[in-house]
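Notes follow the structure.
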Amino acid sequence: MRSRAAAGVHALLDTGQEPEQLTATLAHDTRDGIRAGAAVLVQRVADLCERGDVDLTLYELPDPTTAQQEWNNLIQLLDQAEITHLTTQPTATLAAERRAPADPSTRPTSDARTPAPMPAPVSDAADRPPSTEAARTARLARIEAALDRQTADAVHRAMGEPADYLTALLGPRPTAGPQAAIWESAVSQVEHYRHHHLGLPFGTPATPGATDPVRLAIGDRPTEPQTADAYDQACALHTTPDAQLPL
């Protein structure tokens, strides 16, 4: 209640009201039937704001955060900072770690930063072994996000200057209209597969010198089932008039 009154006072002062005049107005005994001091102040401030067409909600502060909320916010900031750092790493390095099988003996546990409950007191935490699986899951999520950012950057670059393997596969970029959006969506599919599964940055052909546009862009179909499915999705492109892939 007091915070709302304070917000109203700040709003009124911002409209040019003199502090002395505002103080006198708010302190005036109107005998309006409200006896609680805070309620009187809030009511008078609200009345003044309404008369002056002042929106006091613009000056209200958000509710104070709890310790848990502050901890979660900190975790999110740390995650975003690490993702930004990972985005600067070579695509091949990120993709290799993404593909690597879980190895509890070598996987670091200090990366397990998830917005979970706050750490327990030291005496309790010492009795609990670190969660290696949680650390790996959190790490892989950050790597996936970094690869997504690299993919988005590749698509953006392709809009201005498509790589040779893209024009061989999809044809020249349409200048406008629905075909341009379809072309961009196809580029996104191709670059997602290249970044996440092949570890190839924008501009690097999958099979240098290949005459087949598919092999040039995304290589040969893998034998591992999950990766093969991703390969098939990259091939299932909505084609433009000059594209090289069938529907």
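The values are calculated or read from the model by the stated rules, or taken from the named source; none is laboratory data. Here the structure is a predicted model, which is why all the values come from computation and not from measurement. Cβ coordinates were reconstructed from backbone atoms using ideal geometry, including for glycine residues, and neighbour counts include every protein chain displayed. What goes into the accessible areas is simple: the full protein's heavy atoms, side chains included, and nothing from ligands, DNA or RNA. Shrake-Rupley method; radii C 1.70, N 1.55, O 1.52, S 1.80 Å.
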Fill in the blank from the handout: Filtering the range 151-179 down to residues that are open to solvent by less than 20 Å² (accessible area, probe 1.4 Å) and under 28 Å from the mean Cα position of the chain (by Cα) yields Thr151, Ala154, Val155, Ala158, Ala163, Leu166
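Restricting the range 206-229 to residues that are without any contact (Cβ under 8 Å) to a residue 12 or more places away in the chain and among the acidic types (Asp, Glu), which is nearest to Ser188 (Cα to Cα)?
Here the answer is Asp229.
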Fill in the blank from the handout: Only unsatisfied item for Leu74, checking (1) open to solvent by less than 70 Å² (accessible area, probe 1.4 Å); (2) modelled with pLDDT of 75 or more, is (1)
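Within the group Thr211, Thr207, which residue is out of contact with any strand residue (DSSP E or B) (no Cβ under 7 Å at 6 or more places or on another chain) and farther than 25 Å from Leu94 by Cα?
Only one candidate passes the filter, namely Thr211.
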Problem - Which numbered condition Arg136 misses (of (1) under 30 Å from Ala81 (Cβ atoms); (2) touching a helix residue (DSSP H, G or I) at 6+ places or on another chain (Cβ under 8 Å)) - result: (2)
Completion exercise
Residues in the range 180-212 that are in a helix (DSSP H, G or I), open to solvent by 60 Å² or more (accessible area, probe 1.4 Å) and of a type in the set (Ser, Thr, Tyr) total 0
Completion exercise
Within the range 77-101, the residues that are among the basic types (Lys, Arg) and open to solvent by less than 70 Å² (accessible area, probe 1.4 Å) are Arg98
Problem - Residue that is farthest from Pro208 (Cα to Cα) [pool: residues in the range 146-172 that are assigned to a loop (DSSP other than H, G, I, E, B) and free of Cβ contacts under 8 Å to residues at least 40 places away in the same chain] - result: Glu161
Completion exercise
Counting only residues in the range 19-59 that are outside any helix (DSSP H, G or I) and at pLDDT 70 or above, the one least open to solvent (accessible area, probe 1.4 Å) is identified as Val54
Practice task
Take the residues in the range 180-224 that are of a type in the set (A, V, I, L, M) and more than 15 Å from Ala163 (Cβ to Cβ), then tell me which one is nearest to the chain's Cα centre (by Cα).
Solution key: Ala181
Problem - Neighbours by Cβ (under 9 Å, 6+ apart or cross-chain): first from the range 174-188, more than 15 Å from Ala217 (Cβ to Cβ); second hydroxyl-bearing (Ser, Thr, Tyr) and crowded, with 16+ Cβ neighbours inside 10 Å - result: Pro174/Thr240; Gln179/Thr240; Ala180/Thr240; Ile182/Thr239; Ile182/Thr240
